[in-house]
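Novice: Here it is: the structure, laid out below.
No value in this document is a laboratory result; all are computed from the given coordinates. Keep in mind it's a predicted model, so treat the numbers as computed, not measured. Don't worry about glycine lacking a Cβ; one is built from the backbone with ideal geometry, like all the others, and counts go over all protein chains shown.
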Amino acid sequence: DSGVTQTPKHLITATGQRVTLRCSPRSGDLSVYWYQQSLDQGLQFLIQYYNGEERAKGNILERFSAQQFPDLHSELNLSSLELGDSALYFCASSVLGEEDQPQHFGDGTRLSIL
Amino acid sequence: AQKITQTQPGMFVQEKEAVTLDCTYDTSDPSYGLFWYKQPSSGEMIFLIYQGSYDQQNATEGRYSLNFQKARKSANLVISASQLGDSAMYFCAMREGRFKGGSEKLVFGKGTKLTVNP
């Protein structure tokens, strides 16, 4: 158990819809990352938050947005969904400090667009 | 250009034998970190081992060790005494620019599927 909790585990929806994926980081971790894993693109970084502030953006579509709340949980919002958005979405968390620390991943949310 | 290259789409090993999974990386940053993750068929990503660019010794974690050759820019994962439960996808990842105040994002390779045969 990584200590990172993602809900829901599975999500099935239709094109054009909007969904929200939720992530609770490990206790004490201030940094949250979102990654997308798809067959054609592999594992790609989407966005990072640190203590409530956006720290870095990767290959995140404009239809996607995220935020980190004061209690440090994070949500990834995906709107106007397309078939190509079907993927496994991971949240990871880490401690930022002097020592390089690994990112610990949640079990992922598998999103299927019909 | 690919930052992380894993040239072995699939590898097979007999139970109890050792196996090496290859990873080469590309960076001009003197400070970087290299990570290996395991993804079983159930889908979760499990952190295995870490090597920092300034580390003098190769990292080891139980049956996992990292053969770090900085000049060759390679960070191969060695699994000793393979077990059936080691069958999974293995991903090599790199984090750059740690001291530049930038993102700590990971860049992943495409992975190697390891199958351990009884």
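Novice: When the convex hull of the Cα atoms of the protein assembly as shown is projected onto a plane and the area is averaged over all directions, what value comes out in nm²?
Specialist: Here the figure is 12.8 nm², rounded to one decimal.
Novice: Evaluate peptide B:37-49: per residue, the Cβ atoms of other protein chains within 10 Å of its Cβ; return the mean as an integer.
Specialist: Neighbouring Cβ atoms belonging to other protein chains average 4 per residue here.
Novice: Can you pull the one-decimal nm distance between simple spin-label points at A:Arg110 and A:Ser65, each 7 Å off the Cα toward Cβ?
Specialist: Rounded to a tenth, the inter-label distance reads 3.0 nm.
Novice: Tell me whether chain B comes out rounded, prolate or oblate; compute the Cα gyration tensor, take square roots of the eigenvalues as a ≥ b ≥ c, and use a/c under 1.5 as the rounded threshold.
Specialist: Prolate shape, in that a/c is at least 1.5 and a/b is the bigger ratio.
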